[in-house]
Amino acid sequence: MTPIELKEAVLSVKRWSRSDQRAPNKPIMMVYVLSRYLQGHEQFFLYEEVFHKEVQDLLKRFGPQRSVYHPEYPFWRLKNDGFWIVNNDEECKSRKSNTDPSKAELIKHNVTAGFNDQAYSLLKGNDQLTLELIELILSESFPESIVPDIAFQLGAELATRNVQKRDPKFRKEVLRAYNYQCAVCGYDLRMDDVSVGLEAAHIKWKQFHGPCDVSNGLTLCAVHHKAFDKGAFSITKDFKVKLSDSLNGGDQAQHLFFDFDGQLIRLPKKDNWMPNVGHLNWHQKEVFK
Ligand SMILES: [Zn+2]
């Protein structure tokens, strides 16, 4: 296995087949393990409470809102993707049931897993390759506004930036449609005629085939863009701001967020520029917390 083959294997992990639904279990499991390698962890990880909790916390924080989180699924299922190996799995395989082993079973049988020998020998001592893989996986699963936050959470300092190519046409059209103002707060600072800190957000993420059309865009200031991509708020089908119950903060948070709860956003002038309701629904279902 070469580094390129490893990258290809990691990128072709079966997760995009699940159409529009966000399924970040495998990407999060992979970046968690890779980031632990950077910190000197050995090849295999024992499935234990601490491991379960750490991966679960990442899924809760960066994955879509779900009633339960299952870090045990990717731990087990990644073995079908060509670079992952599960050890002490005999007891789990000989079960009557055809379902994946539960967390309790993995713990009981001391099941361990990690990248296989070939992949691990490439990764061991090659921090550069490990970081590249982390960035590659994150960029395929999350919008660029929050990739650095996840990397930071993992303790991985990403050297390269902007792996994804921005679409300058999309940005220009979206900013124009919204009259160069944040759709939520109206922020519109300019230096002469150049907007500062104003961004074009995708409502449905590019990573899930959200199109680069104005109807899938929102002009947002940098603060509201990041908060939107993290699911701190969403926009309802009647174009009102809907805040997550998890939000809290002081005066500035009041001013930037709570004051806008339930308020109509600033909408574009033309009907065909209006935010697409299907994309808004996707955001509420898959991103909003
Ligand atoms: Zn704003």
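Values in this text are rule-based calculations from the coordinates and carry no lab data. Because the structure is predicted, anything quoted here is derived from the model rather than measured. Positions of Cβ are backbone-derived with ideal geometry, glycine not excepted, and every protein chain shown enters the neighbour counts.
Exposure proxy ranking for Glu5, Glu173, Glu199, based on other Cβ atoms within 10 angstrom of each Cβ and starting from the fewest, stands as Glu5, Glu173, Glu199. Sorted ascending by nearby beta carbons within 10 Å, beginning with the fewest, Phe142, Phe228, Phe45, Phe152 become Phe152, Phe45, Phe142, Phe228. Computed per residue of the chain from DSSP H runs no shorter than four, each worth -39500 (n - 2.57), the mean residue ellipticity at 222 nm is -11500 deg cm²/dmol. Sequentially through the stretch 32-48, phi angles give Karplus couplings (6.51, -1.76, 1.60; θ = phi - 60°) of 4, 5, 4, 5, 6, 4, 4, 8, x, 5, 6, 4, 10, 10, 7, 6, 9 Hz, Gly and Pro residues having no value and appearing as x. Charged side chains reduced to their Cβ positions (Lys and Arg at +1, Asp and Glu at -1) give the chain a dipole of some 860 debye around its Cα centre.
Taking each of Lys26/Lys206; Lys60/Lys124; Lys172/Lys206; Lys53/Lys79; Lys124/Lys230; Lys7/Lys53 in turn, the alpha-carbon distance tops 24 angstrom for Lys60/Lys124; Lys124/Lys230; Lys7/Lys53. Each residue of the stretch 136-142 was assigned a 3J(HN,Hα) from its phi angle through the Karplus curve 6.51 cos²θ - 1.76 cosθ + 1.60 (θ = phi - 60°); the sequence is 4, 5, 5, 5, 7, 10, 9 Hz, with glycine and proline shown as x.
Counting other Cβ atoms within 10 Å, keep those with at most 15, restrict to DSSP loop, and tell me which trypsin sites (Lys or Arg not before Pro) in the stretch 206-241 are left. Hits after loop and neighbour filter: Lys237.
Between the amide H of Trp84 and those of Asn116, distances stay under 5 Å, these residues lying 5 or more places away or on another chain, with hydrogens modeled in the peptide plane.
If only the Cβ of Lys and Arg carry +1 and only the Cβ of Asp and Glu carry -1, the dipole of the stretch 168-286 around its Cα centre is close to 420 debye. Each residue of the stretch 201-211 is assigned a 3J(HN,Hα), and the resulting list reads 8, 8, 6, 8, 4, 4, 5, 10, 6, x, x Hz, derived from the Karplus form 6.51 cos²θ - 1.76 cosθ + 1.60 (θ = phi - 60°), x at Gly and Pro.
When Ile28, Ile146, Ile235 are arranged by Cβ crowding within 10 Å, least crowded first, meaning fewest neighbours, the order is Ile146, Ile235, Ile28. Each label point was placed 7 Å from the Cα along the Cα-to-Cβ direction; for Leu129 and Glu48 their separation is 2.9 nm.
Ordering His225, Leu122, Gln153 by Cα displacement along the dipole of the chain toward the positive end leaves His225 in first place; charges were set at the Cβ atoms of Lys, Arg (+1) and Asp, Glu (-1). For the stretch 151-289, the spread of Cα positions along the three principal axes, ordered from largest to smallest, is 44, 35, 34 Å. Restriction of the GluC sites (Glu not before Pro) in the stretch 38-72 to DSSP coil positions whose beta-carbon has at most 14 other beta-carbons within 10 angstrom yields Glu42, Glu48. Viscosity 1.002 mPa s, temperature 20 °C: Stokes-Einstein D of the chain from its Kirkwood Cα radius, in µm² per second? Estimated via Stokes-Einstein, D reaches 104 µm²/s. On full extension, the segment bounded by Lys237 and Gln118 gains 37.9 nm, given 0.36 nm per residue less the C-alpha separation.
Using a simple spin-label model with pseudo-atoms 7 Å out from Cα toward Cβ, Asp192 and Arg66 lie 5.1 nm apart. Between the residues Met1, Tyr187, Leu46, the greatest Cα displacement towards the positive end of the dipole of the chain, with unit charges on the Cβ of Lys, Arg, Asp and Glu, is found for Tyr187.
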